[in-house]
Structures are given as structure tokens and as C-alpha cells.
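K.L.:
Please read through the structure below; I'll follow up with questions.
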Amino acid sequence: MVTDKATIPMPTSYTDLVIEKSNLLLRANMHEAQQEFDEAAELFAKSAMLEAELAVTAYEYNQPDIALVHLISEISCWAAAGDTYRAVSQGQRMLASPTLTTAQRIHLNELVEKLNLRRRSWMASWDAQIAPIDGGPSEPASMGAMSPTNRY
């Protein structure tokens, strides 16, 4: 992306935010390794939001390549948080940008396709993992059908 504005050094607040985001990602990965998935997901989601904020700052300081790195990292963070729909949607919005180079477009498209496959596979597994409630789909829904022993 070529612009008339000169590259401006990033502010200290940007560096502080990068450090905060990096610490969140380290903690998220530690929780994930310990199979503390809810805690990990929350930290990955917080990291994704910080990545989006960092991307905006990078654009404001005329550093679109750094902004792109943050946006791709945002996608990865949303996916790690379990929000593959949001990750794929963000990737598709980015693919619509005319400013991507061919290499960037190929890399981003591959990432979006992998996430789409993961999401589809995960959703397809739902039927096999969820047992029908007392008689299956033909049973009328009632509050009684949702007793603690009969819900999925």
C-alpha cells in the first residue's frame, strides 16, 4: 500500500499495548496447555481485541504492513478463543481489500480456508456428540424435558 504520508514512529502507548497483548497470549497458552480452556479462551479473546486496537494504531501511523500482521494475529486469536465464525468473517473482510499483495492474499486465503474447515468439522461433530432428549426430536418441548438428567 503506497501513501503520501511518511512513516511515523509508533508511540510508547503502542509498545505498552504490544507488551500487554503478548503477556495475555503467554498466559492464554499456559492455560491451554493445562487444559484450562475457559480461562484460555477469555485471554485469547482479550488478545484479539488488543490486536484490533494495535492494527488501528499502526494504520494511523502509516504502517500498513504492521497493521496487517496485527489483523492476521487477531484472526488467529479469535480462532484460538473458539470463535471461528468471527475469525473467518474477519478474514473474508480482509480478503476484500484491494491493497493486499498477491502473497498476502494467498496467505490469508489459506488461513481462512483452514479455519472454515475447522469450523465445519466441529459443527458436523455436534450431531454425533449430542444425544436426543428422551424420545428425540419428535417429543414436544417442555420444561419437564429439560430436567438436569435429560438435557444436552
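Values quoted throughout were computed directly from the atomic coordinates according to the rules given, and no laboratory measurement underlies them. If you're wondering where the values come from, they're calculated on a predicted model, not measured in any experiment. Note that we place each Cβ from the backbone using ideal geometry, even for glycine, and neighbour counts take in every protein chain shown.
K.L.:
Taking the mean number of other Cβ atoms within 10 Å as a proxy for protection, how do you rank 15-23, 56-64 from highest to lowest?
P.N.:
56-64, 15-23
K.L.:
Sticking with this structure for a sec: Two decimals is fine: what's Rg over Rh for the stretch 47-130, C-alpha atoms, Kirkwood radius as Rh?
P.N.:
Rg/Rh for the stretch 47-130 comes to 1.05.
K.L.:
Report, in debye and to the nearest 20, how large the dipole of the stretch 8-75 comes out about its Cα centre when Lys and Arg carry +1 and Asp and Glu carry -1 on their Cβ.
P.N.:
Roughly 160 debye for the stretch 8-75.
K.L.:
Hey, fewest Cβ within 10 Å first, where do 70, 31 land in order?
P.N.:
Least crowded to most crowded, the residues run 31, 70.
K.L.:
Say R0 is 30 Å: what FRET efficiency, to the nearest 0.05, do residue 23 and residue 116 get from their beta-carbon distance?
P.N.:
0.50
K.L.:
Now, a different point. Measure off 7 Å from each Cα along the Cα-to-Cβ vector at residue 7 and residue 105, then give the distance between these two points in nanometres to one decimal.
P.N.:
Simple spin-label model gives 2.4 nm for this pair.
K.L.:
Another one. In nm, to one decimal, how far is the modelled label at residue 37 from the one at residue 69, with both set 7 Å along Cα→Cβ?
P.N.:
For residue 37 paired with residue 69, the spin-label model returns 3.2 nm.
K.L.:
Residue by residue through the stretch 44-60, what is 3J(HN,Hα) from phi via Karplus (6.51 cos²θ - 1.76 cosθ + 1.60, θ = phi - 60°)? Round to whole Hz and write x for glycine and proline.
P.N.:
5, 5, 4, 5, 4, 5, 5, 4, 4, 5, 5, 4, 4, 4, 4, 4, 4
K.L.:
I'd like to know how the stretch 1-115 sits against the 2.2 N^0.38 Å rule of thumb: what's its Cα Rg over that expected value?
P.N.:
So the Cα radius of gyration is 1.11 times the expected 2.2 N^0.38 Å.
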